[in-house]
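Inspection log for the structure reproduced underneath, given as structure tokens.
The values are calculated or read from the model by the stated rules, or taken from the named source; none is laboratory data. Everything numeric here is computed off the predicted structure, so don't read it as measured data. Note: ideal-geometry Cβ built from the backbone for every residue, glycine included; neighbour counts use all protein chains shown. All accessible areas refer to the heavy atoms of the entire protein, side chains included, with ligands and DNA or RNA removed. Shrake-Rupley method; radii C 1.70, N 1.55, O 1.52, S 1.80 Å.
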Amino acid sequence: MSDDNVLRIGPLELEASGDYIILLRDEFRSGYECTFCLGKGEIKCENCFGSGRSIVNVDTLCLLCRGGGTLLCPECKGKTVIEGGIVIPEDRQNEPTTGTIVSCGPDVKRHENGVSIMFPSYAGHQLKLGGETPDGEEKEYLVVIMHESEAICRVRGHLELRRLKKKVAAHTTA
């Protein structure tokens, strides 16, 4: 097992086999998210720095966030809002369809680790795995295991729906 071809999330190790690739899905940014909380709807509590514990007495909960470690975003009030004030329901938001390859099977011919690709939203097996970042913070990882032929194209830069729509509109006007 080659260490540079293994995805490690906590005690779990994944390595692609055959002509499969494993990638980490990118966090999608449409460009319409609240700039204060980046569309999460909440921010880390500034009183307890996200710990949920009182900084005066560690045996009690933070009074501001009531032990949750987060507060409702003061800008968007927890709702994903686009220009014009239209609220986008969570189940209708676009899913990210780009990701970075972290493991390639021995039979993969067209791709290598570290490359960003675009793929259909229904491609492969998609997993949500919880684990710790190298900093010790809990994080949810979006992992996709798919056949190399399911990749649509390589991606350079970051896909931002808002910019893409403006460019397409600029090129389609006569």
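Among the residues of region 48-67, are any closer than 24 Å to K128 by Cβ, at pLDDT 85 or above and open to solvent by less than 90 Å² (accessible area, probe 1.4 Å)?
no
For region 111-168, which positions are at pLDDT 80 or above and part of a helix (DSSP H, G or I)?
Residues satisfying the conditions are E148, S149, E150.
So, in region 68-95, of the ones that are in a loop (DSSP other than H, G, I, E, B) and buried (at least 16 other Cβ atoms within 10 Å of the Cβ), which residue ends up modelled with the lowest pLDDT?
Among them, the one singled out is I88.
Consider only pairs whose beta carbons are under 9 Å apart and that are at least six residues apart or on different chains; among these, list those whose first residue lies in region 98-109 and is among the acidic types (D, E) and whose second residue is part of a loop (DSSP other than H, G, I, E, B).
Final answer for the pair search is D107/S17; D107/G18; D107/D19.
If a residue must be at pLDDT 90 or above and of a type in the set (V, I, T), how many such residues does region 12-35 contain?
2
Step by step: first the residues of region 116-158, then only those that are closer than 28 Å to P11 by Cα and β-branched (V, I, T), then the one that is surrounded by the fewest Cβ atoms within 10 Å (Cβ to Cβ). Which residue is that?
Per the stated criteria, the residue is T133.
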